[in-house]
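Reviewing the structure listed below.
The values are calculated or read from the model by the stated rules, or taken from the named source; none is laboratory data. For clarity, every value in this text was computed on a predicted model and none was experimentally measured. So basically every Cβ, Gly included, is an ideal-geometry build from the backbone, and we count neighbours across all protein chains shown. For accessibility, only protein heavy atoms count, side chains too; no ligands or nucleic acids. Shrake-Rupley method; radii C 1.70, N 1.55, O 1.52, S 1.80 Å.
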Amino acid sequence: SMTRAQDEIVARIREAAPADFFGWRQEVLVCALDFEHAREFLIAEATADQWTQRGPETEAREYYTFALGKIRDHRGISAERSTIKLAEFAWLLGRDDVIEAMEAAVHPQYGAPKVKAFADGLGLAWPDESGLNRMAAGEPCTPDCREGCGQ
């Protein structure tokens, strides 16, 4: 798999902008840009020496761990953000197959099936926890969850 070219990333940010109300996609994409390409999306005061371009592989792994926490904690908005951001990491890594697998997965249970599709596609370990396994299958974390699963 190859990572995307700088101009491709800039084009995707501009294309996503009208529907990217909370800037979740842009947050992921801008981090993969060098300062010259990122400048138009940063505050005017931003300087090159403050800017750190980050590699999507490491960022994707760290964000995946964060996303698992949001699923465990039954955080609806955060889980929605997680699935959107993880799909952008997959795109940065040139993995359209992973995006397709995520889109094919059902959404309930705080995006667990989509996040599992991301993990499987990128070869990341899925924690072997009964709650997460049930949620990845689209089921409540426990049959009698009162925190929002399956509501």
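Quick test of your reading of the structure: residue 44 fulfils all but one of (1) open to solvent by less than 40 Å² (accessible area, probe 1.4 Å); (2) out of contact with any Phe, Trp or Tyr (no Cβ under 9 Å at 6 or more places or on another chain); (3) within 22 Å of residue 9 (Cα to Cα); (4) hydrophobic (A, V, I, L, M, F, W, C). Name the failing condition by number.
Failed condition: (1).
For the range 1-58, list the helices (runs of 4 or more DSSP H) that sit wholly inside it and hold at least 2 residues that are more than 24 Å from residue 77 (Cα to Cα); which are they?
6-16, 35-38
Taking the conditions exactly as written (open to solvent by 40 Å² or more (accessible area, probe 1.4 Å), under 14 Å from the mean Cα position of the chain (by Cα) and of a type in the set (D, E, K, R)), does residue 8 satisfy them or not? It would help to see each step written out before you state the result.
Values: open to solvent by 40 Å² or more (accessible area, probe 1.4 Å): yes; under 14 Å from the mean Cα position of the chain (by Cα): no; of a type in the set (D, E, K, R): yes.
So residue 8 does not fit the description; no.
For the range 12-32, indicate whether the set of residues that are over 23 Å from residue 116 (Cα atoms), surrounded by 17 or more Cβ atoms within 10 Å (Cβ to Cβ) and more than 18 Å from the chain's Cα centre (by Cα) is non-empty.
No, the conditions are met nowhere in the range 12-32.
Does the range 71-80 hold any residues that are assigned to a helix (DSSP H, G or I) and out of contact with any Lys or Arg (no Cβ under 8 Å at 6 or more places or on another chain), and which are they?
Residues of the range 71-80 that are assigned to a helix (DSSP H, G or I), as a first pass: 71-72, 76-80.
Hits for the range 71-80 are 71, 72, 76, 77, 80.
So if I check each of 66, 89, which one is modelled with pLDDT of 90 or more and surrounded by fewer than 17 Cβ atoms within 10 Å (Cβ to Cβ)?
Details: 89 fails: surrounded by fewer than 17 Cβ atoms within 10 Å (Cβ to Cβ).
None of the others qualify; the one that does is 66.
Quick one: which of 108, 113 is touching a residue at least 40 places away in the same chain (Cβ under 8 Å) and either surrounded by 14 or more Cβ atoms within 10 Å (Cβ to Cβ) or within 13 Å of residue 71 (Cα to Cα) (or both)? Full working, then the answer.
Working: 113 fails: touching a residue at least 40 places away in the same chain (Cβ under 8 Å).
Answer to the check: 108.
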